[in-house]
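In what follows, a structure is listed as structure tokens, so that the remarks can point back to it.
The values are calculated or read from the model by the stated rules, or taken from the named source; none is laboratory data. Keep in mind the model is a prediction, meaning the values are calculated, not measured. We place every Cβ from the backbone using ideal geometry, glycine too, and count neighbours over all the protein chains shown. To get the accessible areas, we keep the full protein, side chains included, count just its heavy atoms, and leave off ligands, DNA and RNA. Shrake-Rupley method; radii C 1.70, N 1.55, O 1.52, S 1.80 Å.
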Amino acid sequence: MAEPGGSSDVIVASAEQVKEQAESEQAARPKPEKTEETKPAQPTAAPTPAESDPGDKKQSQSPAAWLTQASPYETSPEAARGKWTAMGNRWMFLVDEVPYTGWLNDTDGKRYYLDSEGMMATGWLEEDGKTYYLDEDGIMQTGEVEIDGVLYTFDAYGVKTGEEDPNADKGETGKTASASEKKAAVKEDTRTASKKNSNISDKAESVKHIALTFDDGPGDFTDELLDCLIENNAHATFFMVGKEIENHPETVRRMVEAGCELGNHTYDHTDLTTLTAQQMQETIGATDQLLLELTGQGASVLRPPYGNVNDLVLSTVGTPMILWSIDTLDWKTLNPKKTVKTIKKEVCDGAVILMHDIHAETVEAARTIIPWLIEEGYELLTVHELAKTFGTDLTTGTTYRSFGKEDK
């Protein structure tokens, strides 16, 4: 995956660099098939392992061994059959479309807790007289974890076993702080908090910019994605396959009405590096002709399938070629939660994010991440709008991955 951009110029990729991205977007990802669903009985929570009391085990080992040993929990049987689903800003784990409840040991090796309504828990959790902590991603914590300035200890089962406040009534020498020292500390904390709040305010006022891009559509779920973009006054760029344009003409018209940018992804998702110059012109031209007939305009940018280009492609394609700096691998994981997590972890000013609107799971992720990005101070632009923001003129025969100061 290409490194994410930072904030004011462009990464221009050579044909050799771009070739390395081929593995991140695989050949012809079929649309999900609709199957008849039957609603099963409510699945039960994953059972607790049948082991001796954790406290007995802890006493027989050194503290270091206890904190670093592998998780004693086995993967829940339902983990491989279920899927994470966004519900607004919260998450559920559905097994055969039924919300899972209780502890879940997922296939990623992490342990989560779903409440009685099936919502993923975060923060402190009291269960059967034991105290656990789940981070913002819902992952149960083990070992030593600092939470709000306090260092807590959790055993391998996630149960809190101790806590230590490094600043609790202690001076530099380890002795109990005097009243005057406490008073001075309070004043310093107040000054620090005021400065911190000022920094947060400045950050919120500093607008950042990114481009969301969607490949392989339009599809059955693209209209739902457009609804979300319109509701949030956000733009995106759609790199469309010609044969899918024929199946969803009204959706394409809505893209233009919503202020989105039309991109070309060839007529049938063919690797351009396997074609002659004439064949390239035919597959690209057929897609542009469909867009022209529907909207009065052709594609302003192109994304080569699989990110593959060579010298012939660079000299033949008549529009700027847009690659990406963040590959969500949404088509591979089909997991909204993982898609959202990837974007939250890697997003930065000037980034170009790759997703695929032919998957329902991707649209679920988009419905969560779009409002989150806006709350974080990002403006969601089309590719051309993003390039203009960073003072970049997109040119024919050039590939672009991202835009920003760190790209210089």
| request: Would you check which residues across region 293-315 are within 33 Å of the chain's Cα centre (by Cα) and part of a helix (DSSP H, G or I) and list them? | output: L294, T295, P305, Y306, G307, D311, V313, L314
| note | When region 281-322 is checked residue by residue, the ones that are touching a Pro at 6+ places or on another chain (Cβ under 6 Å) and open to solvent by 30 Å² or more (accessible area, probe 1.4 Å) are L294
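Given the residues E379, E385, E346, which is the only one that is touching a strand residue (DSSP E or B) at 6+ places or on another chain (Cβ under 6 Å) and within 19 Å of E261 (Cα to Cα)? Walk me through it before giving the result.
Numbers: E385 fails: touching a strand residue (DSSP E or B) at 6+ places or on another chain (Cβ under 6 Å); E346 fails: within 19 Å of E261 (Cα to Cα).
Unique residue meeting the criteria: E379.
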| Only one of T266, T251, T273 that is part of a helix (DSSP H, G or I), open to solvent by less than 60 Å² (accessible area, probe 1.4 Å) and under 15 Å from V313 (Cβ atoms) | T273
| note | Result of the Cβ filter at 6 Å on region 311-328, keeping first residues that are touching a residue at least 24 places away in the same chain (Cβ under 8 Å) and partners that are among the charged types (D, E, K, R) and crowded, with 21+ Cβ neighbours inside 10 Å, at least 6 apart or interchain, is I322/R303; L323/R401; S325/R401
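Looking at region 372-391, can you tell me whether even one residue there is closer than 21 Å to G219 by Cβ, at pLDDT 95 or above and in contact with a helix residue (DSSP H, G or I) (Cβ under 6 Å, 6 or more places away or on another chain)?
Taking region 372-391 as the starting set, the residues that turn out to be closer than 21 Å to G219 by Cβ are 380, 382-383.
Keeping just the survivors that are at pLDDT 95 or above gives 380, 382-383.
Now drop any that are not in contact with a helix residue (DSSP H, G or I) (Cβ under 6 Å, 6 or more places away or on another chain), which leaves none.
No, region 372-391 has no match at all.
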| Check on D327, open to solvent by 40 Å² or more (accessible area, probe 1.4 Å), among the acidic types (D, E) and at pLDDT 95 or above | no
| task | Please enumerate the residues belonging to region 111-131 that are of a type in the set (G, A, S) and either at pLDDT 90 or above or loosely packed, with under 14 Cβ neighbours inside 10 Å (or both). | result | S116, A121, G123, G129
| Being buried (at least 20 other Cβ atoms within 10 Å of the Cβ) and under 14 Å from the mean Cα position of the chain (by Cα), is that true of even one residue in region 372-382? | yes
| Just for region 330-361: of the residues that are open to solvent by less than 10 Å² (accessible area, probe 1.4 Å), of a type in the set (A, V, I, L, M, F, W, C) and in a helix (DSSP H, G or I), which one is nearest to F390 (Cα to Cα)? | I343
| task | Might you check whether a residue that is within 14 Å of D357 (Cβ to Cβ), among the aromatic types (F, W, Y) and part of a loop (DSSP other than H, G, I, E, B) occurs anywhere in region 221-241? | result | yes
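Scan the strands (runs of 3 or more DSSP E) fully inside region 76-161 and keep the ones with 1 or more residues being closer than 17 Å to K341 by Cα and among the basic types (K, R). Show your work before the answer.
Details: elements: 82-87, 90-95, 102-105, 111-114, 123-127, 130-134, 143-147, 150-154.
Correct list: 82-87, 90-95, 111-114.
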